[in-house]
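For reference, the structure is listed below as structure tokens.
The values are calculated or read from the model by the stated rules, or taken from the named source; none is laboratory data. Because the structure is predicted, anything quoted here is derived from the model rather than measured. A quick note on method: Cβ atoms are made from the backbone with ideal geometry, for glycine too, and the neighbour counts reach across all protein chains shown. When the accessible area is computed, the model is the full protein with side chains, heavy atoms only, and any ligands, DNA or RNA have been set aside. Shrake-Rupley method; radii C 1.70, N 1.55, O 1.52, S 1.80 Å.
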Amino acid sequence: MPASSKRKKSKPPRVAAGGTAAVQKLTRLQKQRRGATASAAAAKRSCRGGGGGVGGRTARSGRRKVGSGCGGGSGGSGGGGQATETIDRRRNRWESRFESLRNFVETHGHARVPGTYAKDRPLGQWVSTQRAAYRAERVRLAGGSPKFNGRISADQVVRLEGIGFEWEIHDLWAERWEERFRSLLRFVEQHGHARVPKGKGKDRPLGEWVSKQRKAYRAERVRLAGGSPTCTYRISADQVARLEGIGFEWEIHDLWAHRWEERFQSLLRFVEQHGHARVPKGYAKDRPLGKWVSRQRAAYHAERVRLAGGSPKCNGRISADQVARLEGIGFEWAARRRRAC
């Protein structure tokens, strides 16, 4: 029989009553998916009941997939059990951090943990994450889609607020600024000026803070001029006025000049007492003075190298007026053992 006649006698696709072949195919697929869903639900109930098998069934085809069943069989652990274990682990971690925060509150009297808290860095990072999760939840409640996918429950919010936790970081920075400003006030009352050294010792945090205030002040001046400063620090006009009200100096050059004057006065007293300006570098009664005279010599030799067109290793500077004043009290530039500053 010819091929054409075979094609004519071929049976048409079976069509369900009131539908088409495509509809019938879609119906079969939906039934398969419902069956697979029912099988998966039954397997999950079996896992919860303690039973186990060699594998689960995939959601699309209903075929058994090795290693995807619940625990207790030879194929692997159940997805439901893994999810529960993950939730429990996260809950335990949250409780552990919360307990650390409670200890911090008992020790310091507040819940304002710095982000770079040296004694417990994970705690500082955790409180930052809680604030981010809280802001994200507020966005979700407003119908938005936050960029941060962290979550925090209403119960956790209540517990954090119950120990005085603050959600707004702006209020936190304002309080920290006030704390440092009060420390600066005490420094002024004790020393008679607001020139806090940036070095080591008990005043080191305060010294770093006043340095940041100067950077923030310069950055604000750049912004006012229409520029884009590299420093992101901010300082308000009210904070500027309060600092200036206690004699705070913004220009670091004036500060260095004042420090130079202080050391020079100490050197004058040394000359009056000993009859010469040869201060030992390890001078026990005034170690900073011994280091200062050594730096003056290093700066003097560096200036001579610059005048000769060279590039000195030491970056210290000294003016012609300062050289003249030191020489006027018998200061000697040549030292037997000279070190770079």
Next item on the list: May I ask you to list pairs of residues, at least six apart or on different chains, whose Cβ atoms are under 8 Å apart, with the first in segment 112-135 being surrounded by 14 or more Cβ atoms within 10 Å (Cβ to Cβ) and the second being among the β-branched types (V, I, T) and at pLDDT below 90?
Entry: D120/V113; L123/V113; G124/V113; G124/T116; V127/V113; R131/I169
Next item on the list: Kindly indicate whether R234 is modelled with pLDDT under 90, open to solvent by 80 Å² or more (accessible area, probe 1.4 Å), out of contact with any helix residue (DSSP H, G or I) (no Cβ under 9 Å at 6 or more places or on another chain) and not in a helix (DSSP H, G or I).
Entry: no
Check: Mind checking which residues of segment 269-321 are of a type outside the set (S, T, Y), open to solvent by 40 Å² or more (accessible area, probe 1.4 Å) and within 16 Å of W256 (Cβ to Cβ)?
Finding: P288, K291, R295, N315, R317, D321
Item checked: L101 more than 15 Å from E161 (Cα to Cα) and open to solvent by less than 60 Å² (accessible area, probe 1.4 Å) -> no
Margin query: Out of S294, S311, I need the residue that is assigned to a loop (DSSP other than H, G, I, E, B) and out of contact with any strand residue (DSSP E or B) (no Cβ under 8 Å at 6 or more places or on another chain). Which one?
Written below: S311
Check: So A225 fits all but one of (1) of a type in the set (A, V, I, L, M); (2) open to solvent by 80 Å² or more (accessible area, probe 1.4 Å); (3) closer than 29 Å to Y117 by Cβ; what number is the exception?
Finding: (3)
Margin query: Checking E220 against (1) under 29 Å from G290 (Cβ atoms); (2) crowded, with 16+ Cβ neighbours inside 10 Å; (3) at pLDDT 90 or above, only one condition comes out false. Which one?
Written below: (1)
